[in-house]
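*Asks:* Dropping the structure in here first, questions after.
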Amino acid sequence: MATTPRKERLVIVGNGMAGGRLVEEILQRDPDRFAITVFGAEPYGNYNRILLSNVLNGTQRPEEIFLNPLSWYREHGVALHAGVRVTKVDRTRKVVRGENGIEVPYDRLVLATGSSPFVPPLEGREREGVFVFRTLDDCEAIASYAAQSRRAVVLGGGLLGLEAARGLLTHRLAVTVVELGSHLMAQQLDPEGGKMLQRTIEAMGITVFTETLATAVLGDRRVEAIRFKDGTVYETDMVVISCGIRPNVELAKAAGLPVERAILVDDRLQTEDPDIYAVGECAQHRGTVYGLVAPIWEQCVVLADLLTETRPEARYLGSKLATRLKVLGVNLVSLGSFRDARPDDEMVTYSEPGRGVYKRLLIRNNRLIAGCLLGDETNAEELIRLFSEDGPLPEDRARLLFGLGGSSAPGEVTQIPDDRFICSCNQVTKGRICQAIREGHATVSAIASATKAGTGCGGCRSLVQRLVEAYAGEAALDPSVDWYVPAVPLAKEELVAEITRRGLRSVSAVLQELGNGSEDPESKMGLASLLRSVWNDQYVDERDSRFINDRVHANIQKDGTFSVVPRIYGGVVTPEQLRRIADVAEKYRARMVKITGGQRIDILGVRKEDLPAIWRELGMPSGHAYTKAFRTCKTCVGTEFCRFGVGDAISLGIQVEKRFQGIEFPHKVKLAASGCPRNCAEASTKDIGYIAVEDGWEVLVGGAAGSTVRKGDLLCKVKTHEEAIRITGRFMEYYRRHGKYRERTHAFVERIGIERLRQILVEDSEGICAELDAAIEEAVRAYRDPWLEGQEPVHPRQFAGPELVVLP
């Protein structure tokens, strides 16, 4: 009888980014060739380590960053020993031994052991509150400890350290980054770029110390402070160490394999032993150890070709490092290394400190050797192509930095060649993405599942989105992703056009004439907000379309009580107003009186039936802290008192707040005015911000400092308060018209593009500025303080007793 030939036994030690990807590549080529066994030190499937900072800052759940969960291995016939470290490789017997005593024989062995955090010699590092930032478990431990802390120090100013700082910032901690070198992100930026990045993230509220060495962690049992080499003692509640990585080579050393900084491999990614290979951060190829995902996955492609004999001639010849990153919300493109510079090289540099933009290119023999784009990715695709292909450069170097008609200008993605890599990490071309779109994968997440584009560093996802917008057309897999609300199958522009054409002034009228039969509460709330923006005081208000907050003009709390936030223009309050706030809080037994981050006072824990009396006795208008509307314009004291002030921030803030109070938007809008570039009001991380400079004001849009941290983009510079208010009104009205429901301005600005916004709102390229000015003026005139309803309720039970509320 014929016998089935035994499959080759392939053992992979390591289930990280390299090991997991190698399994995928092998199964794609020949799923029946090997009996595959994988050992992973963590008790999970394979996850995207690059996205750990998103887990730490709360924008993604742990399960959302898994590339292959545990079930995937079972479904593909892969034996995974999750949570089992390998303790020995017996090359004589060709056996791998796990810490649980299990022995697995191999015909081929791949070491993908990755790396471990480098922990510098630090006295007291065993104290409670000291962490490294490398794994999912690390994220959970850091987040848990942050909940009971007020201050955190991050040791290390590289990419991972800054991402850890970003995550801690969202936990409302005072965060300090300590870097031993002269500047941040030394692997990607030169000193000038590093200093500019430092100024940008300091404006977000993070303190940065460079050229500073930590020598000891102080405290009895828990962390209380950290001591620097110069003797300075700096108070902190926790320390996160992110000082680089060290390849895990102990297993290879013990097996007698040659090791220098990492495990030595040749162009076949083969060690000295012909049956043992190494890939990823534990492998040293031609003197280089790679720590970025793109070269690691390139290695996996080559090794899969060789192991399956799909392409026996395949060789790994090294990688050109081209990465797109987002550091604390700031875009960064990094190409090569400036450490390779020679005295006779050509340097092309552009610096715009006011916008946080820095660009530098290193050119040799008319070829791009290294480059960085910080704060502005204009022409990034073309630069990546020229760098990767070693192509000749145009004589006009300005075209390299700014495009000037090049194919990567916003909206011109159709001109990008099909063979151009869009996702460098995964080597996914534009042609492959367009093919996926034609097959019905018409969202960024669907394309990621089909092609893996965007699952590496994530820097290409905005470009993938532009490709979807340009090519999806009728191929969209789920057209509802573009609907403004689920109950009406229309995008926002189409919906507004139909509402206007048909004169639909109520939610019920819209649902009756345009709806798909669904009347979910979310759709009703979205339509109510939209109709108020379209019709202003002509809107027909149906209170059952509103969430409880909008029905009673106060913010419901988890215990069913409400909070009251009166408007305090520009954060300036009088003694008489403070007395009234105190009297009201005492009289109506408020459970807490709290100063908010927007320079207002929140009276918490009051009963619904007391709201009308509270409003009447306060004698102050609503602060709209409960709805998707203009919230506040935070200010510093500006020229009024500050010796550094160059602009009257208080006057501007009060004018802005009095003009735009109560106007509704797709989401809440927060503003700030800073009287000098020191930016004490944190204007650079607001939806709209004003920063005074010597010759006027910079107007920034699209900033954020919540679960997403982003520095606003410079829309324009103006000389007067009147100009600032006019351009603000234009941006607000354009956002009201084109923003998606629940889309914050930071996402809106990234989606539309700051260059396009500048053309439309400042240069009037579409000839609509006068129309926008008139529309926002109409919205301003329609303002009525909603707290006046306390004197004349819309219906008898508007402020009566508690009611059963289902929170969204």
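The values are calculated or read from the model by the stated rules, or taken from the named source; none is laboratory data. In this text, all values refer to a predicted model and were calculated from it rather than measured experimentally. Every residue, glycine among them, receives a Cβ derived from its backbone with ideal geometry; neighbour counts consider all protein chains shown. Ligands, DNA and RNA are stripped out before the accessible areas are found, and what is left, the full protein with its side chains, is counted by its heavy atoms. Shrake-Rupley method; radii C 1.70, N 1.55, O 1.52, S 1.80 Å.
*Asks:* Which residue out of Asp544, Asp583 is modelled with pLDDT of 95 or more and among the acidic types (Asp, Glu)?
*Replies:* Values: Asp544 fails: modelled with pLDDT of 95 or more.
On inspection, the qualifying residue turns out to be Asp583.
*Asks:* I'd like the residue in the range 617-645 that is part of a strand (DSSP E or B) and touching a His at 6+ places or on another chain (Cβ under 7 Å) and, out of all such residues, is farthest from Asn555 (Cα to Cα).
*Replies:* Of the residues in the range 617-645, the ones part of a strand (DSSP E or B) are 622, 629-635.
Next, only the ones that are touching a His at 6+ places or on another chain (Cβ under 7 Å) stay: 622, 630-631.
Working: Ser622: 11, Phe630: 15, Arg631: 13 Å.
Checked the range 617-645; the qualifying residue farthest from Asn555 (Cα to Cα) is Phe630.
*Asks:* Filtering the range 129-153 down to residues that are over 12 Å from Leu56 (Cα atoms) and of a type in the set (Lys, Arg), which residue is surrounded by the most Cβ atoms within 10 Å (Cβ to Cβ)?
*Replies:* Among those that are over 12 Å from Leu56 (Cα atoms) and of a type in the set (Lys, Arg), it is Arg151.
*Asks:* Next question. Out of the residues in the range 154-195 that are over 24 Å from Arg125 (Cα atoms), charged (D, E, K, R) and touching a residue at least 24 places away in the same chain (Cβ under 8 Å), which is surrounded by the fewest Cβ atoms within 10 Å (Cβ to Cβ)?
*Replies:* Among them, the one singled out is Glu192.
*Asks:* Do we find that Lys719 is basic (Lys, Arg) and either at pLDDT below 95 or crowded, with 24+ Cβ neighbours inside 10 Å (or both) in this structure?
*Replies:* Numbers: basic (Lys, Arg): yes; either at pLDDT below 95 or crowded, with 24+ Cβ neighbours inside 10 Å (or both): no.
Spelling it out, it is not the case that Lys719 is basic (Lys, Arg) and either at pLDDT below 95 or crowded, with 24+ Cβ neighbours inside 10 Å (or both).
For every residue, the table says whether it meets (1) more than 30 Å from Lys686 (Cβ to Cβ); (2) assigned by TED's automatic domain parsing to the domain that holds Pro191; (3) in contact with a helix residue (DSSP H, G or I) (Cβ under 6 Å, 6 or more places away or on another chain).
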{"site": "Leu335", "(1), (2), (3)": "yes, no, yes"}
{"site": "Met347", "(1), (2), (3)": "yes, no, no"}
{"site": "Glu352", "(1), (2), (3)": "no, no, no"}
{"site": "Arg355", "(1), (2), (3)": "no, no, no"}
{"site": "Lys359", "(1), (2), (3)": "no, no, yes"}
{"site": "Arg367", "(1), (2), (3)": "yes, no, no"}
{"site": "Cys372", "(1), (2), (3)": "no, no, yes"}
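*Asks:* Kindly list, by first and then second residue, each pair from a residue in the range 736-760 that is in a loop (DSSP other than H, G, I, E, B) to a residue that is open to solvent by 40 Å² or more (accessible area, probe 1.4 Å), limited to pairs with Cβ atoms under 7 Å and residues at least 6 apart or on different chains.
*Replies:* Filtered contacts from the range 736-760: Gly753/Pro410.
*Asks:* Go through (1) surrounded by fewer than 21 Cβ atoms within 10 Å (Cβ to Cβ); (2) of a type in the set (D, E, K, R); (3) in contact with a Cys (Cβ under 9 Å, 6 or more places away or on another chain) one by one and return the number of the condition Glu698 breaks.
*Replies:* Tallying (1) surrounded by fewer than 21 Cβ atoms within 10 Å (Cβ to Cβ); (2) of a type in the set (D, E, K, R); (3) in contact with a Cys (Cβ under 9 Å, 6 or more places away or on another chain), Glu698 fails exactly one: (1).
*Asks:* Another question about this same structure. Is it the case, given these coordinates, that Val669 is among the β-branched types (Val, Ile, Thr), within 32 Å of the chain's Cα centre (by Cα) and within 19 Å of Tyr783 (Cα to Cα)?
*Replies:* On the way: among the β-branched types (Val, Ile, Thr): yes; within 32 Å of the chain's Cα centre (by Cα): yes; within 19 Å of Tyr783 (Cα to Cα): yes.
Answer is yes for this residue.
The rows are residues; the columns are (1) open to solvent by 50 Å² or more (accessible area, probe 1.4 Å); (2) in the same structural domain as Ile654 (by TED's automatic domain parsing); (3) under 25 Å from Ile663 (Cβ atoms); (4) touching a residue at least 24 places away in the same chain (Cβ under 8 Å).
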site	(1), (2), (3), (4)
Glu576	yes, yes, no, no
Arg580	yes, yes, no, yes
Val584	no, yes, no, yes
Arg589	yes, yes, no, no
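*Asks:* Those residues that are among the charged types (D, E, K, R) and under 33 Å from the mean Cα position of the chain (by Cα), I need them from the range 290-338; list them, please.
*Replies:* Keep residues of the range 290-338 that are among the charged types (D, E, K, R), which gives 298, 305, 309, 311, 313, 315, 320, 324, 326.
Matches in the range 290-338: Glu298, Lys320, Arg324, Lys326.
*Asks:* Select from the range 236-258 the residues that are open to solvent by 30 Å² or more (accessible area, probe 1.4 Å) and β-branched (Val, Ile, Thr) and list them in ascending order.
*Replies:* Ile245
*Asks:* Going residue by residue through the range 115-135, is there one that turns out to be under 25 Å from Glu211 (Cβ atoms) and within 20 Å of the chain's Cα centre (by Cα)?
*Replies:* yes
*Asks:* Ok, one more. Test of understanding: among Gly801, Gly767, Gly790, which residue is at pLDDT below 75, of a type in the set (Gly, Ala, Ser) and either touching a helix residue (DSSP H, G or I) at 6+ places or on another chain (Cβ under 8 Å) or over 19 Å from Leu531 (Cα atoms) (or both)?
*Replies:* From the options Gly801, Gly767, Gly790, the qualifying one is Gly801.
*Asks:* Out of (1) open to solvent by 10 Å² or more (accessible area, probe 1.4 Å); (2) more than 27 Å from Met732 (Cα to Cα); (3) modelled with pLDDT under 95, the odd one out for Lys628 is which?
*Replies:* Here Lys628 meets the rest and fails (2).
*Asks:* The conditions are (1) touching a residue at least 40 places away in the same chain (Cβ under 8 Å); (2) part of a helix (DSSP H, G or I); (3) open to solvent by 40 Å² or more (accessible area, probe 1.4 Å), and Leu67 fails exactly one of them. Which is it?
*Replies:* (2)
*Asks:* Using the structure shown, decide if Asn549 is of a type in the set (S, T, N, Q), within 22 Å of Glu792 (Cβ to Cβ) and at pLDDT below 85.
*Replies:* Numbers: of a type in the set (S, T, N, Q): yes; within 22 Å of Glu792 (Cβ to Cβ): yes; at pLDDT below 85: yes.
Against the criterion (of a type in the set (S, T, N, Q), within 22 Å of Glu792 (Cβ to Cβ) and at pLDDT below 85), Asn549 qualifies.
*Asks:* From Arg339, Arg364, Arg311, Arg315, grab the single residue that is out of contact with any Lys or Arg (no Cβ under 6 Å at 6 or more places or on another chain) and within 30 Å of Leu52 (Cβ to Cβ). Give the steps one after another, and end with the answer.
*Replies:* Numbers: Arg364 fails: within 30 Å of Leu52 (Cβ to Cβ); Arg311 fails: within 30 Å of Leu52 (Cβ to Cβ); Arg315 fails: within 30 Å of Leu52 (Cβ to Cβ).
Result: Arg339 is the single residue among Arg339, Arg364, Arg311, Arg315 that is out of contact with any Lys or Arg (no Cβ under 6 Å at 6 or more places or on another chain) and within 30 Å of Leu52 (Cβ to Cβ).
*Asks:* So for the range 295-307 (the condition being open to solvent by 10 Å² or more (accessible area, probe 1.4 Å), in contact with a helix residue (DSSP H, G or I) (Cβ under 9 Å, 6 or more places away or on another chain) and part of a loop (DSSP other than H, G, I, E, B)), does at least one residue qualify?
*Replies:* no
*Asks:* Now for a separate question. Among the residues in the range 43-53, are any without any contact (Cβ under 8 Å) to a residue 40 or more places away in the chain, surrounded by fewer than 17 Cβ atoms within 10 Å (Cβ to Cβ) and farther than 22 Å from Pro295 by Cα?
*Replies:* No, the range 43-53 contains no residue that is without any contact (Cβ under 8 Å) to a residue 40 or more places away in the chain, surrounded by fewer than 17 Cβ atoms within 10 Å (Cβ to Cβ) and farther than 22 Å from Pro295 by Cα.
*Asks:* Out of Ile556, Ile595, I need the residue that is open to solvent by less than 70 Å² (accessible area, probe 1.4 Å) and of a type in the set (A, V, I, L, M, F, W, C). Which one? So that I can check it myself, show each step before the final result.
*Replies:* Values: Ile595 fails: open to solvent by less than 70 Å² (accessible area, probe 1.4 Å).
Within the list Ile556, Ile595, the selection yields Ile556.
*Asks:* So in the range 332-348, with the set limited to residues that are free of Cβ contacts under 8 Å to residues at least 60 places away in the same chain and in a strand (DSSP E or B), which one is least open to solvent (accessible area, probe 1.4 Å)? Outline the logic, then answer.
*Replies:* First pass over the range 332-348, keeping only residues free of Cβ contacts under 8 Å to residues at least 60 places away in the same chain: 335-336, 339-348.
Add one more test, that the residue is in a strand (DSSP E or B), and what stays is 335, 346-348.
On the way: Leu335: 4, Glu346: 69, Met347: 74, Val348: 22 Å².
Applying the filter and picking the extreme gives Leu335.
*Asks:* Where in the range 111-180 are there strands (runs of 3 or more DSSP E), lying wholly inside it, with at least 1 residues that are over 21 Å from Val293 (Cβ atoms) and outside the structural domain of Ala705 (by TED's automatic domain parsing)?
*Replies:* Details: elements: 115-117, 130-132, 151-155, 174-178.
The qualifying strands (runs of 3 or more DSSP E) are 130-132, 151-155, 174-178.
*Asks:* Scan the range 1-22 for residues that are under 22 Å from Thr87 (Cβ atoms) and part of a helix (DSSP H, G or I) and jot them down.
*Replies:* Of the residues in the range 1-22, the ones under 22 Å from Thr87 (Cβ atoms) are 9-16, 18-20, 22.
Ala18, Gly19, Gly20, Leu22 - these are the residues of the range 1-22 that are under 22 Å from Thr87 (Cβ atoms) and part of a helix (DSSP H, G or I).
*Asks:* Of the numbered conditions (1) in contact with a Ser or Thr (Cβ under 8 Å, 6 or more places away or on another chain); (2) at negative phi, Gly58 fails exactly one; give the number of that condition.
*Replies:* With (1) in contact with a Ser or Thr (Cβ under 8 Å, 6 or more places away or on another chain); (2) at negative phi applied to Gly58, the lone miss is (2).
*Asks:* Further question: Mind checking whether some residue in the range 202-212 is outside the structural domain of Glu682 (by TED's automatic domain parsing), of a type outside the set (Val, Ile, Thr), part of a strand (DSSP E or B) and surrounded by fewer than 22 Cβ atoms within 10 Å (Cβ to Cβ)? Break it down stepwise before answering.
*Replies:* Just the residues of the range 202-212 that are outside the structural domain of Glu682 (by TED's automatic domain parsing), to begin with: 202-212.
Pick out the ones that are also of a type outside the set (Val, Ile, Thr) and you get 202-205, 209, 211.
Applying the additional criterion that residues be part of a strand (DSSP E or B) yields 209.
Of the ones still in play, those that are also surrounded by fewer than 22 Cβ atoms within 10 Å (Cβ to Cβ) are 209.
Yes, the range 202-212 contains at least one residue that is outside the structural domain of Glu682 (by TED's automatic domain parsing), of a type outside the set (Val, Ile, Thr), part of a strand (DSSP E or B) and surrounded by fewer than 22 Cβ atoms within 10 Å (Cβ to Cβ).
*Asks:* What do you reckon, is Arg227 within 30 Å of Glu99 (Cβ to Cβ), touching a strand residue (DSSP E or B) at 6+ places or on another chain (Cβ under 7 Å) and in a strand (DSSP E or B)? First the steps, then the outcome.
*Replies:* Working: within 30 Å of Glu99 (Cβ to Cβ): no; touching a strand residue (DSSP E or B) at 6+ places or on another chain (Cβ under 7 Å): yes; in a strand (DSSP E or B): yes.
Spelling it out, it is not the case that Arg227 is within 30 Å of Glu99 (Cβ to Cβ), touching a strand residue (DSSP E or B) at 6+ places or on another chain (Cβ under 7 Å) and in a strand (DSSP E or B).
*Asks:* Sort through Phe665, Phe660 and tell me the only one that's modelled with pLDDT of 95 or more and buried (at least 21 other Cβ atoms within 10 Å of the Cβ). Walk me through how you get there before you give the answer.
*Replies:* On the way: Phe665 fails: modelled with pLDDT of 95 or more.
The conditions single out Phe660.
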